[in-house]
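Here's a structure for you.
The values are calculated or read from the model by the stated rules, or taken from the named source; none is laboratory data. Worth saying up front: this structure is predicted, and the values here are computed from it rather than measured. Ideal geometry is used to build each Cβ from the backbone, glycine not excepted, and the neighbour counts take in all protein chains shown.
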Amino acid sequence: MSLGLGFDLLLAASLLWSGWRALSTPRLDRALVLFIAFGLLMTLTWARLAAPDIALAEAAIGAGLTGALLLDAFGALQAKRAEAEAKK
Amino acid sequence: MTDPLVWLILLPLTWASLAFPSGPGRGAWLAIAALGVQLMLVLLLVVDVTESGILVRAVGGWGAPLGIDLAADGLSVAMLLLTQVIALPLAIYARSYFSATAPEGKYFWPLCGFLLAGLNGLYLSADLFNLYVTLELVGLAAVGLVAAGGGARQIAAALRYLFAMLLGSGAYLLAVALIYAAYGTVSMKTLAPLITAEAPVVIWLAGGLMLAGLMLKTALFPFHFWLPPAHGGASAPVSALLSALVVKASFYLLLRLWLGPFAGLTAGAGLLGWLPATLGALAILWGSCQAIRAQRIKMLIAYSTVAQLGYLFLIFPLLTGEAALRAGIMQAFAHGLAKAAMFMTAGVLIKATGQDRVDSLAGAAQQLPLTMFAFGLAGVTLTGLPPSAGFLAKWQLIEAAMAQGAWIIAVVVLVGGLLAAGYVFRVLRQGFLLVPATSADTSVFHPLPRTLEWMALLLAAASVLLGLRGVELMELVSLGGAV
Amino acid sequence: MTSGLLFACVGALLFVMGVSGVLLIRHLLRRILAFNLMGSGAFLVLVGLAQRHGVADPVPQAMVLTGIVVAVAATALALALVRRLHALTGKLEPPEADDD
Amino acid sequence: MKRPVVIPAALLFAVVLILAMVDLAPPALDLRPLVAANLASSGVAHPVTAVLLNYRAYDTLLEIGVLLLALVAILAVSESVPTTSSTSATSSDLLLPMLGRIAAPVMVVVAVYLLSAGTSAPGGAFQAGAVLAAAAVLLHLTGLLPGWRQPGVSLRWGLAGGFLLFVGVGAILLLVEGDLLRYPPDHAGVLIFLIESGLTLSLGLILAGLFLFLSHDKGDVG
Amino acid sequence: MTLNEAMPLAVLASSLLPGLIIFLLPEAWIGRRTVLNLSGAVAKLVLVGVLLVGVQGGVDYGFGYAVLPGLDLLFKVDALGLLFMGLSASLWLLTTLYAIGYLEGAPQRSRFFGFFSLCVTATMGIAMAGNLFTFFIFYELLTLSTFPLVVHRGNDKAMNGGTVYLAYTLAGGALLLIGIIWLHQLLGHGDFAHAGIVTDLDPTYDGQLKIIFLLLIVGVGVKAAIVPLHGWLPQAMVAPAPVSALLHAVAVVKAGAFGVIRIVYEIYGIEFAHTLHLLTPLAMAAAVTIIWGSLRALFQDDLKKRLAYSTVSQVSYIVLGVALFGPVGTVGGLVHLVHQGIMKITLFFCAGNYAETLGIHKVSEMNGVGRRMPLTTLAFGVAALGMMGVPLTAGAISKGWLIEGARAADMNWAIWVLWTSSLLNAAYFLPILWRAGFRQTAPPWPAEQLARHGWRETAWLLLLPPLVTAAATLAVGILATSEFSPLAWAQFIARNEYRLVVP
């Protein structure tokens, strides 16, 4: 059992775990953070698969931009909700 | 020098991306002019294919399997022809339909251009991964059109539509991944001889994924849930575009895969064709019954689309003979032309009365005779009554079914025709009904540009007239086997 | 087992997880997450399975680059729709199927 | 109610799929030698870039189309209510604007590097465009760049320009060389670099736009 | 394209083109519409006349082209078709005149006349169809173009009548379609040929051929209103009088009867149909229809409904004539196709006149109407006597030939059916005549709309057509043995086309 395989197994497990938790965790903000973590793990995975181009793109687009989009949407929705509650 | 095949993709891409910077609501004339050119290009292509058979173009000059091939045979040229023939009148209609300030028309032209480019690209592509990109182009453009400028109901419909599209193309992409892993190529031409009945399990899984994904995208029962709200909720030109053309694209792709690269699997498993056929039969019955019950006129037409798509899938068990393929393409033409016309008339009726309930149509035959006549003609085609393209489709389908002893298909086709008459004549009946002028629920009819009515009539008449001369189209379809 | 094959298997699981999520989850933001998991799964299968013998293959890698861009386009459109729906109805779940 | 059907089916599918994948024989066809053999005439030295912008450049062309289309669709969906310029809430913080001022130029430099590196090493128009977009997002988050409303003419041309350039080059090559996007080997490198530069700019704008248009649309209607 | 090829198309165009143009004419352009209508009708009559002379001289008129690979749209003019065309063309002219008078001032006349012309086009297409495919196309076109006429009044009653009409005819059409395609499947074509086309098939197909026969006959039987497929006909009487007159007394029901003739003689061949034992059941169905229709007519107070049930009964005379295996019966059936049309259209014209002039819709309202409207009542009387089979009328000729035919075929029960039917005819027509002629008037009339102008009891456009057809009823009866009578033409068909020895 090489070090590489061990790392791969760990990475695989973390990928599955973070993906699973991103869907199942009750709190939305945590889900989003987990999703961004998932994106970063994907970046590592691409690096492990000798695909540096995809790793770069995943980091910038997959984790970065998608994460930013999601967080921004979440923030806007929270603000809206808070506003609505304040009105009550 | 002039290569109609490639220009059919480049031209819509160009006018779509020029219409966007020109500004909201702009680009109509550009689009109409370009669509006129596209129509001529596709006619040139028909001539080319008739003369020299299958045309293949290697993008970048590399050729499959390293590069991407574009290919045109009778089947794809027929679909291209259908697309441009419907798109041009539809564009003229849309120009009159969207007022300068209408929010739903703001970015209609760029979205429409990308949609048409995606469709043309899809019909011409011979590369499985490239097809995935065209599928996404078509799907996202369609979703954007449905959602554009809409209220909550439309947005919700668009979301449902979007997720259905994404699920479908996701399944398709996974299948492409499996195929690439198994054979090292995604070129249809290279794959066709490789995939045999002894293919590894992943190929069967890939085939299943593609089948499921494309059935979802074509809204085959029971995957039809997304279609009625999306097609019924969008603005009339968009509904026409979607119902007439977009759903046909995924059907075409399924057919192409079935007859092309996957022929080795589908020919071996004779019973496989009965799966889509059974679902198609259920779609006809279910969709028609829902259409008969529908209260809103566009919902009625949308459910009719669910039903009419069912006919397309009845051909799968019969594909061992060429007659079934012809029947399918004839049905695609019949439904495309008629359904575009029908949604266009619905747009006129809704604009004129300001209401969209079937019950509010009383007196329409008197106020908008041209529109009601167009609706009637389109209805004749959908019902499959002669002389219409729908009738020829039905005739060939029943004949093909009987030739192979598949009686049940013949029966389903006939019952479907009677059910279609049920919902078509429900609308006509209401339109012919005269209500006393004093009655409170008399609809007020607003004057509209005549272009709207004439374009609907044009397409409806085309759907009927095709029923008097289908030889050329059927011969074109037979020039086949690009893959 | 090469890392290619391993990650292809992970990809398969992620894909299945994503599809189930899109089908079962009603909350729209999470559904978008699920769609992205599904996409990532398919990408992993594409590259991983092609490289199951341990040699890098540029063709599927380029395909995945294309796929990632398409996925982000779809995600952005989905988010735009969700935000619009939320603005109009205040809800983050699609309304029940209205068939008429 | 769907749960009892979907989950077992999904699990079953996953198991069958994984078993089948493990079982899979090596493919009959291997494109890698082909990719490598034609690298010399492709105009770039990095195989992934060669696939992206030469062998399968048509995919890339359509993909940029998808991206531009998504942006147009987002604009079509979002309400064009002119909101007062969203002065970011973070303006009280002095550190962030500073960071933005310093980081943004650095990121532009990184983008240019990625773009030029793409011909021979990992990187290219996408990555560079993404970094540009990230710079714009950063500027927005630090309050230096307001959220975009309905785009003006020059912005719209900027968004569509890269794609139009790509289509234009493709069309000219079709007319001159006879095939869509067939680069003459001598000029392939230059043409690809030209396309990539245009794409980097437009991709940066589009990707930033995906964020900034959405971000502007807080959905305050009625 | 030669002139002989163009003739069938010209016949179609003479009503199709005016019809399409009329659709687009503004409502107020009465003059131009009338000119178009009449010139189309006259042109058609002239064309049919030319064809009559040509066919008698042995000229072939035909035109065809492929709609689908292996499937042709085929037109062919033969003597049998001309029998139907001659009837329709002459009655179209008269009915157009009548309709112009009838609909004066009514709304939606452009639509009415447009669809009216389409109906006649469809009828001509049915008559000239050279194969089953073409026949079916025009058969369904007839359904479609009559629907707007049935629902023309636009009230709920009209809508319901229209719905029933559609339900029957579309379902019948579906069965017909499946029969036709099945036959195509077996033969590879469906062209009409005078000796039948299925005889070449292996005897193992006899079972299938019997089922196909049933499908085909049920399909056309709906329009021919064979019991129990007749339910739509009385319902469709909500249509305006010209529609009832031309379409539901002549074009639609005759299209069904005509279809029966084509199927029995030119698809199966009379000999082969006899060998398959198909004729006796057909004759039985016709007999049941004849009796049942007459019985129902007896109990109708609504005048148009009584006429409608009478139609149900009378159309089956034609079917009976066909099913009587023998030349005499054939001639009787063929000639009745024309004679019944002339008589029945007279009756409907008169019924329309009563309704339009005085508002009379029911038999019980007709007391003394003969004094108020003597000419109309005279025409009605002539036609009613003809229907009963009184000598010197058209009806006497056809009934005579039918009875002779039944005797020649050794089907004595059919003679009884014909006699019973004649008695029943008398039972439902004589009371009407008696009321009209001898009962005292109990004014006022339900709704008197048109005043009397001297001898003109109603508008002259309403009066002229029934008088002409009533005169024709007598003429074809008295001059039956002359060279140009319908009877002579029916004998010509039987002799020249079906190679029968006609006495």
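Filter segment B:251-274 down to residues that are more than 21 Å from the chain's Cα centre (by Cα) and among the aliphatic types (A, V, I, L, M) and give me whichever is surrounded by the fewest Cβ atoms within 10 Å (Cβ to Cβ).
B:271
Quick one: residue B:392 ticks every box in (1) out of contact with any strand residue (DSSP E or B) (no Cβ under 7 Å at 6 or more places or on another chain); (2) surrounded by 24 or more Cβ atoms within 10 Å (Cβ to Cβ); (3) at pLDDT 85 or above bar one, so which box is it?
So the condition that residue B:392 fails would be (1).
For residues that are buried (at least 24 other Cβ atoms within 10 Å of the Cβ) and modelled with pLDDT under 90, tally how many sit in segment E:271-309.
Count: 0.
When residue B:224 is evaluated against the numbered criteria (1) modelled with pLDDT of 90 or more; (2) surrounded by fewer than 24 Cβ atoms within 10 Å (Cβ to Cβ), which criterion, by number, is the only one it fails?
So residue B:224 meets the others, but not (2).
Give segment B:52-74 a look and list any residue that's more than 8 Å from chain D (Cβ to nearest Cβ), touching a Gly at 6+ places or on another chain (Cβ under 7 Å) and either more than 29 Å from residue D:34 (Cβ to Cβ) or without any contact (Cβ under 8 Å) to a residue 24 or more places away in the chain (or both), or say none.
Once the filter is applied, which keeps residues that are more than 8 Å from chain D (Cβ to nearest Cβ), touching a Gly at 6+ places or on another chain (Cβ under 7 Å) and either more than 29 Å from residue D:34 (Cβ to Cβ) or without any contact (Cβ under 8 Å) to a residue 24 or more places away in the chain (or both), segment B:52-74 yields only B:74.
Which residues, counting only those in segment B:10-21, are at the interface with another protein chain (Cβ under 8 Å from one of its Cβ atoms) and either farther than 21 Å from residue B:99 by Cα or surrounded by fewer than 24 Cβ atoms within 10 Å (Cβ to Cβ) (or both)?
Scanning segment B:10-21 gives B:10, B:13, B:14, B:17, B:18, B:21.
Please determine whether any residue of segment C:77-96 is among the acidic types (Asp, Glu) and within 9 Å of chain D (Cβ to nearest Cβ).
Taking every residue of segment C:77-96 in turn, none turns out to be among the acidic types (Asp, Glu) and within 9 Å of chain D (Cβ to nearest Cβ).
Quick check on this structure: which one of B:390, B:405, B:416 is over 30 Å from residue E:9 (Cβ atoms), assigned to a helix (DSSP H, G or I) and more than 9 Å from chain E (Cβ to nearest Cβ)?
Checking each option against the conditions leaves just B:416.
On the given criteria, is residue E:500 touching a residue at least 60 places away in the same chain (Cβ under 8 Å), within 22 Å of the chain's Cα centre (by Cα) and either assigned to a strand (DSSP E or B) or surrounded by 15 or more Cβ atoms within 10 Å (Cβ to Cβ) (or both)?
In short, no.
Oh, and also: Can you tell me which residues in segment B:147-177 are more than 7 Å from every other protein chain (Cβ to nearest Cβ) and either modelled with pLDDT of 95 or more or within 21 Å of residue C:21 (Cα to Cα) (or both)?
To start, the set of residues in segment B:147-177 that are more than 7 Å from every other protein chain (Cβ to nearest Cβ) comprises B:150, B:153-154, B:157, B:161, B:164-165, B:168-169, B:171-172, B:175-176.
Passing the criteria: B:157, B:161, B:164, B:165, B:168, B:169, B:171, B:172, B:175, B:176.
What do you reckon, is residue B:385 part of a loop (DSSP other than H, G, I, E, B), in contact with a helix residue (DSSP H, G or I) (Cβ under 6 Å, 6 or more places away or on another chain) and not aromatic (Phe, Trp, Tyr)?
Values: part of a loop (DSSP other than H, G, I, E, B): yes; in contact with a helix residue (DSSP H, G or I) (Cβ under 6 Å, 6 or more places away or on another chain): yes; not aromatic (Phe, Trp, Tyr): yes.
Criteria met by residue B:385.
The rows are residues; the columns are (1) without any contact (Cβ under 8 Å) to a residue 40 or more places away in the chain; (2) exposed (fewer than 14 other Cβ atoms within 10 Å of the Cβ); (3) not aromatic (Phe, Trp, Tyr).
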position: D:14; (1), (2), (3): yes, no, yes
position: D:28; (1), (2), (3): yes, yes, yes
position: D:31; (1), (2), (3): yes, no, yes
position: D:46; (1), (2), (3): no, no, yes
position: D:51; (1), (2), (3): yes, no, yes
position: D:57; (1), (2), (3): no, no, yes
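Would you point out the residue of segment C:55-70, among those that are more than 7 Å from chain D (Cβ to nearest Cβ) and in contact with a Phe, Trp or Tyr (Cβ under 8 Å, 6 or more places away or on another chain), that is surrounded by the fewest Cβ atoms within 10 Å (Cβ to Cβ)?
Looking at residues that are more than 7 Å from chain D (Cβ to nearest Cβ) and in contact with a Phe, Trp or Tyr (Cβ under 8 Å, 6 or more places away or on another chain), I get C:68.
Anything in segment B:53-72 that is of a type in the set (D, E, K, R) and buried (at least 23 other Cβ atoms within 10 Å of the Cβ)? List them, or say none.
B:69
Now, a different point. Let me spell it out: the conditions are (1) under 21 Å from residue E:337 (Cβ atoms); (2) part of a helix (DSSP H, G or I); (3) free of Cβ contacts under 8 Å to residues at least 12 places away in the same chain; (4) not small (Gly, Ala, Ser), and residue E:416 meets all of them except one. Which number is the exception?
If we test residue E:416 against (1) under 21 Å from residue E:337 (Cβ atoms); (2) part of a helix (DSSP H, G or I); (3) free of Cβ contacts under 8 Å to residues at least 12 places away in the same chain; (4) not small (Gly, Ala, Ser), just (1) comes out false.
For segment D:145-153, indicate whether the set of residues that are surrounded by 24 or more Cβ atoms within 10 Å (Cβ to Cβ) and part of a loop (DSSP other than H, G, I, E, B) is non-empty.
There is no residue in segment D:145-153 that is surrounded by 24 or more Cβ atoms within 10 Å (Cβ to Cβ) and part of a loop (DSSP other than H, G, I, E, B).
Can you confirm whether residue D:137 is within 10 Å of chain A (Cβ to nearest Cβ), out of contact with any Cys (no Cβ under 9 Å at 6 or more places or on another chain) and surrounded by 21 or more Cβ atoms within 10 Å (Cβ to Cβ)?
The answer is yes for residue D:137.
Output the number of the condition that residue B:85 fails; it satisfies all remaining conditions of (1) surrounded by fewer than 24 Cβ atoms within 10 Å (Cβ to Cβ); (2) closer than 16 Å to residue B:24 by Cα.
Condition (2) is where residue B:85 drops out.
Residue-wise test of (1) assigned to a helix (DSSP H, G or I); (2) surrounded by fewer than 24 Cβ atoms within 10 Å (Cβ to Cβ); (3) in contact (Cβ under 8 Å) with a residue 24 or more places away in the chain.
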| residue | (1), (2), (3) |
| --- | --- |
| C:5 | yes, yes, yes |
| C:18 | yes, no, no |
| C:36 | yes, no, yes |
| C:40 | yes, no, yes |
| C:53 | no, yes, yes |
| C:73 | yes, no, no |
| C:81 | yes, no, no |
| C:93 | no, yes, yes |
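If you don't mind, another one. Any residue at all in segment A:56-69 that is part of a helix (DSSP H, G or I) and more than 19 Å from residue D:211 (Cβ to Cβ)? Show your work before the answer.
Of the residues in segment A:56-69, the ones part of a helix (DSSP H, G or I) are A:56-69.
Subsequent filtering for residues that are more than 19 Å from residue D:211 (Cβ to Cβ) retains none.
Looking for residues that are part of a helix (DSSP H, G or I) and more than 19 Å from residue D:211 (Cβ to Cβ), one finds none in segment A:56-69, hence no.
Ok, one more. If you check residue B:308 against the conditions, is it away from every other protein chain (no Cβ under 14 Å), part of a helix (DSSP H, G or I) and either buried (at least 22 other Cβ atoms within 10 Å of the Cβ) or in contact with a Ser or Thr (Cβ under 9 Å, 6 or more places away or on another chain) (or both)? Can you show your working first?
Numbers: away from every other protein chain (no Cβ under 14 Å): yes; part of a helix (DSSP H, G or I): yes; either buried (at least 22 other Cβ atoms within 10 Å of the Cβ) or in contact with a Ser or Thr (Cβ under 9 Å, 6 or more places away or on another chain) (or both): yes.
For residue B:308, the condition - away from every other protein chain (no Cβ under 14 Å), part of a helix (DSSP H, G or I) and either buried (at least 22 other Cβ atoms within 10 Å of the Cβ) or in contact with a Ser or Thr (Cβ under 9 Å, 6 or more places away or on another chain) (or both) - is met.
Quickly run through segment E:356-402 and pick out the residues that are in a strand (DSSP E or B) and among the hydroxyl-bearing types (Ser, Thr, Tyr).
none
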